[in-house]
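Beneath this line is the structure, given in structure tokens, with notes to follow.
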Amino acid sequence: MTITLGAWWWSSSPSGDAQPVVAEPTFVVDEEEPAPAILHVHVAGEVRRPGVVRLVAGSRIVDAIEAAGGATPAAVLAGVNLASEVLDGAQIVVPSSSVGPVPAVDNDGVVVVNRATLTELESLPGVGPVLAERILAHRDEHGPFEAVEDLLDVSGIGEATLARLRPLIRIP
């Protein structure tokens, strides 16, 4: 936003009439744009400086990896969607060629929907082969899910099913 300040005053003309005189603006003040939102993201795995990095809102996973010093030579970047937008509080794990693929089921039994196979999805309560296939088809057609709520776009998943699955799944 720009604020322009100027001045005006009254002056007498040769005929004796008072005439307003308007001066050109004396100065202009530009207000700064609001600072962008800052995201905190945990980058782990095959990066040079694993840990929490700070990024501006709208950053991509590739930006988070660069902020963590870049990928190591053992990194398998094909296992990461570098173009995905980063969410505040997310964890990004860059897999290693030495340990094989990153498992889709965490140590605590939580299924990572964007890496899960048909069998891993079927292990979730209420998800049979048909619904698991729909989840995979949606993921293949539209790309990785960005939020748990995106599962509502899959035919057969409503609010009740999502509420039941929420504690058993994660997206990033």
Cβ-Cβ under 6 Å pairs, at least 6 apart or on other chains, segment 128-142 side free of Cβ contacts under 8 Å to residues at least 24 places away in the same chain, far side open to solvent by less than 30 Å² (accessible area, probe 1.4 Å) and in a helix (DSSP H, G or I): Ala132/Leu121; Ile135/Leu121
When you scan segment 126-138, do you find a residue that is of a type in the set (A, V, I, L, M, F, W, C), more than 20 Å from the chain's Cα centre (by Cα) and within 21 Å of Ala44 (Cβ to Cβ), even just one? no
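Against the definition (in contact with a Phe, Trp or Tyr (Cβ under 7 Å, 6 or more places away or on another chain) and within 26 Å of Arg49 (Cα to Cα)), how does Ile92 come out, yes or no?
On the way: in contact with a Phe, Trp or Tyr (Cβ under 7 Å, 6 or more places away or on another chain): no; within 26 Å of Arg49 (Cα to Cα): yes.
Judged against the criteria, Ile92 is not a match.
Test Glu66 against the stated conditions and say whether it is modelled with pLDDT of 95 or more and over 14 Å from Ala90 (Cβ atoms). Please lay out each step first, then the result.
Working: modelled with pLDDT of 95 or more: yes; over 14 Å from Ala90 (Cβ atoms): yes.
Yes.
With respect to Val80, determine if the residue is among the aliphatic types (A, V, I, L, M), surrounded by 17 or more Cβ atoms within 10 Å (Cβ to Cβ) and touching a strand residue (DSSP E or B) at 6+ places or on another chain (Cβ under 7 Å). Show your work before the answer.
On the way: among the aliphatic types (A, V, I, L, M): yes; surrounded by 17 or more Cβ atoms within 10 Å (Cβ to Cβ): yes; touching a strand residue (DSSP E or B) at 6+ places or on another chain (Cβ under 7 Å): yes.
Yes; evaluated as a whole, the condition is true for this residue.
Suppose we filter Ala116, Ala132, Ala90, Ala137 for residues that are touching a strand residue (DSSP E or B) at 6+ places or on another chain (Cβ under 6 Å) and surrounded by 12 or more Cβ atoms within 10 Å (Cβ to Cβ); which single one remains?
Working: Ala116 fails: touching a strand residue (DSSP E or B) at 6+ places or on another chain (Cβ under 6 Å); Ala132 fails: touching a strand residue (DSSP E or B) at 6+ places or on another chain (Cβ under 6 Å); Ala137 fails: touching a strand residue (DSSP E or B) at 6+ places or on another chain (Cβ under 6 Å).
Being touching a strand residue (DSSP E or B) at 6+ places or on another chain (Cβ under 6 Å) and surrounded by 12 or more Cβ atoms within 10 Å (Cβ to Cβ) holds for just one of Ala116, Ala132, Ala90, Ala137, which is Ala90.
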What number of residues in segment 51-73 are open to solvent by 40 Å² or more (accessible area, probe 1.4 Å) and over 19 Å from the mean Cα position of the chain (by Cα)? 1
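Within segment 143-172, which residues are of a type in the set (S, T, N, Q) and outside any helix (DSSP H, G or I)?
Within segment 143-172, the subset of a type in the set (S, T, N, Q) is 155, 161.
Within segment 143-172, just Ser155 meets the criteria.
The values are calculated or read from the model by the stated rules, or taken from the named source; none is laboratory data. Owing to the predicted nature of the structure, the values given are computational and were not obtained by experimental measurement. As a convention, Cβ positions derive from the backbone with ideal geometry for all residues, glycine included, and neighbour counts pool all protein chains shown. Just the protein is used for accessible areas: all its heavy atoms, side chains included, with ligands, DNA and RNA removed. Shrake-Rupley method; radii C 1.70, N 1.55, O 1.52, S 1.80 Å.
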